[in-house]
Structures are given as C-alpha cells and as structure tokens.
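Each value in this text was obtained by applying a stated rule to the coordinates, not by laboratory testing. These numbers come from a predicted model, not from an experiment. Here the Cβ positions follow ideal geometry from the backbone for every residue, glycine too, while neighbour counts run over all protein chains shown.
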Amino acid sequence: MVRKSALTVLSLGLLAAASPAAVPNVGSGTLQLAPRVPTPGLIDDLLGGITTEIGLLIKDILNGLKSAQSDELSSKPLTCLLGLDPCCKWYDVSAALTDLFKGANGQCTDLARGAVRFGFHDAGAWSESSPNGGADGSLMMDFGEENRPENNGLQTIRTTLRSVQAKFGVGYADLAQFAHNHATVTCPRGPRIRTFVGRKDATKAAPEGLLPDVHSPADTLIKLFEDKSFTPHDLAALVGAHTSAKQRFVDTAQANKPMDTTPGVWDVEFYNETLHPPANGEIFVLPSDQVLSKHPRVEDEWKEFVGDQRHWNEDYAKAWVRMSLLGVGKSELGGLKECTRALPAAVPV
C-alpha cells in the first residue's frame, strides 16, 4: 500500500485539523469556540467513562467546548525542591529544547522541524485496529524503527531527543509529544498546544504501513486518517505543519527546498502557496498536498485557512491533542497531568 521510497520524504508528515471553531491565540484574547460532534474513534470511547479533571478537559477539547491552546506559563516553581510538581523535569527539558529549537534569528531551526515530524511519525503509526503503536515513544526507543524507509531523515532529531531523555530521565512517549509541542510554539506564530504527560512507553515496535505516502491519491490519504479517527477537516489542518518543512527525499535534486516561502515561521502561507505556487520555483509542493488541496472533502477548509492564522492554530492544536493521545490506554488517560505551563511563551509576529 505504501511506497517505501516516497515515505522517506515527509518533512513533517501529513497531519490533521479540527473544527471550524474560532480560535483564541496567545495574547489575542479569548474567542468563543464552536462545539462539534466528537469524531468517532477509540479515544472518544475511552474518555466516556473518565471523570478525572484532566480526562474531562481532554473530552471538552475534542468536543470543541474548550480551547486546545493555553496561555498558562510559569517558571520552575519552588515546590520542585520538594518534588511536589509532576512537571518539574519538564521545565528543565523545555529550557534545553529552547536552546536547540530557536535560531539566532528568532525562527525555528531544522531540529525544531525534525521534532514536529518526529512527533507525528511516533504517534501516527496507529489505526483503530492496531494492537499497539501510537504515541508511545517507540520511534525513540531501541526497536529499529529509525531504520524504516519512512523514517529516513529523523535520525538526527532522534539522537538529539535520546540525549535529552538520558539527561532528564523523562519518558520516551511523553518526550516525543512534548518536543513536538515545544517546536510548534518556538516557531513564530505557532500555537501553544495543551501538553499532557503520563503516557506509558512502548514495549515493542509500532506496526508498519500506517504512515502516509506522498504519492497516494487523496481518497487513500483521507481513509488512512479516518482510520486514526481524524476527519478530512482534521487532515486539512494537520497537513499545514508543512509550513515549516523542507523536503529532502521526494526529489533529491531539490533537497532542502521549503514547502512555503517562510519555513522558519508557523504561518498560513503554506495554504495559499500550495494552491498558487510562486512562479520562480522557490518552494516544493508535495504531490499529496496538491491533491488534498483540491479534493472536494478538503478544499473548502483548506481555503478557509488562507489568511486566517487563528482559525488554523486552533484547529491544528485540537487535532494534535487527539494525535498525541493515539494508542494511549484508559488507565493512562485517567492519570495524565497537564504540563503546558512548562512550554515557552508563544511568539506572535
């Protein structure tokens, strides 16, 4: 089903979005969110019987009742001296990642780009029929997934994140998703996605054949993501992560060419420039992005994101909360802790 040579190519992976709800953006005030019917999927079923504060928060996020972004920010509290804050280690992780992900020009680095793609390749290797996989850190662990063709190009960020894990002793599964969220908010204009920790690490490699092929027809890609519990609307939003991507393996003659004209910024130029590429050939448009942008189940939302940063940020954030919890079991969901406050502040531009 998947062409191995094409899979190597996803600079940030094909991703997904959430509802057309209005979006609060850091520093812009709160906008009213539009509720939506939850997307069918295993996580929705699991959340049905959970009554913990975090479980209810996640349920409200996925249902569009609460924002998937948060402005909550704090420095490392004194309670960490007593070990009373579950986020203590994450403040230190966050500081280390800032040094890696933020360039001298204030824009996000190639390591940040890698972290976004890494978070997807770890969590996205899952479907509703999968016996294992999802956001379990398996790609960072010693199961050999880094040698799969679809993960080509992730070796550098994997080695970097393994060093961070070894230094701070955090979980692989949590680090993969924390690093993704840190990278998105480090990029100027990126969303500050609600970030949860407490996942169990993998015990074996994720199933193969569950990541998208950039040469697949749009209908195949839509079905692949529906099997992960994402709607075509979600897919339109998640694919927007290519705004900060650079392709290296689809066409090696054009290696490192960006997918929009502002790869160091998390903006919506990608949506317009995929529809109307600059005549000078400055960007590279993935075949998958091209066909999705014109598909009748995707194109309306695609066009809605053009020029609407807040809309896209919220939809991306909501879809990513779902992505970051794929494969997480019910016992884990009930015990998750929110550590969004350990992320750096958003950078509106």
Practice task
For ALA104 and THR156, compute 0.36 nm times the residue count separating them, minus their Cα-Cα distance, and round to one decimal in nm.
Solution key: 16.7 nm
Handout entry: Euclidean distance between Cα centres, the range 322-340 to the range 282-313, Å
Key = 29 Å
Exercise for the section: Would you kindly derive the ³J(HN,Hα) couplings of the range 222-239 from the backbone phi angles with the Karplus curve 6.51 cos²θ - 1.76 cosθ + 1.60 (θ = phi - 60°), listing them in order in whole Hz, with x for Gly and Pro? Expected result: 4, 5, 4, 7, 4, 5, 9, 5, 9, 8, x, 4, 4, 4, 4, 6, 5, 4
Handout entry: Peptides ranked, highest mean first, by Cβ atoms within 10 Å: ranges 201-214, 240-253, 276-289, 168-181
Key = 168-181, 240-253, 201-214, 276-289
Problem - Coarse-grained scattering of the range 199-349 at q = 0.12, 0.21 Å⁻¹, given as base-10 log I(q)/I(0) from a Debye sum over alpha-carbon atoms - result: -0.59, -1.41
Exercise for the section: Using only the Cα atoms of the range 243-285, build the gyration tensor, take square roots of its eigenvalues as a ≥ b ≥ c, and label the shape rounded, prolate or oblate: rounded if a/c is under 1.5, else prolate if a/b is larger than b/c, else oblate. Expected result: oblate
Exercise for the section: Neighbouring Cβ atoms within 10 Å as the yardstick, rank ASP60, ASP315, ASP142 fewest first. Expected result: ASP142, ASP60, ASP315
Exercise for the section: Find the percent of Cα-Cα distances in the range 44-144 that exceed 16 Å, and round it to a whole number. Expected result: 75 percent
Practice task
With only alpha-carbon atoms counted, please give the Rg and Dmax of the range 82-198, in Å.
Solution key: 14.0, 45
Exercise for the section: Label the range 128-263 by shape, choosing from rounded, prolate and oblate, from the square roots a ≥ b ≥ c of the eigenvalues of the Cα gyration tensor; if a/c is under 1.5 it is rounded, and otherwise prolate applies when a/b is larger than b/c, oblate when it is not. Expected result: rounded
Completion exercise
Here FRET efficiency (C-beta to C-beta, LEU78 to LEU275, R₀ 30 Å, nearest 0.05) is 0.05
Fill in the blank from the handout: Simple SL model, points at 7 angstrom along Cα→Cβ for GLU128 and ASP219; separation in nm is 2.0 nm
Problem - Fraction of alpha-carbon pairs over 37 Å apart in the chain - percent - result: 8 percent
Practice task
State the number of lysine pairs found in the range 128-272 whose Cα atoms come within less than 20 Å, restricting to pairs 8 or more positions apart or on distinct chains.
Solution key: 4
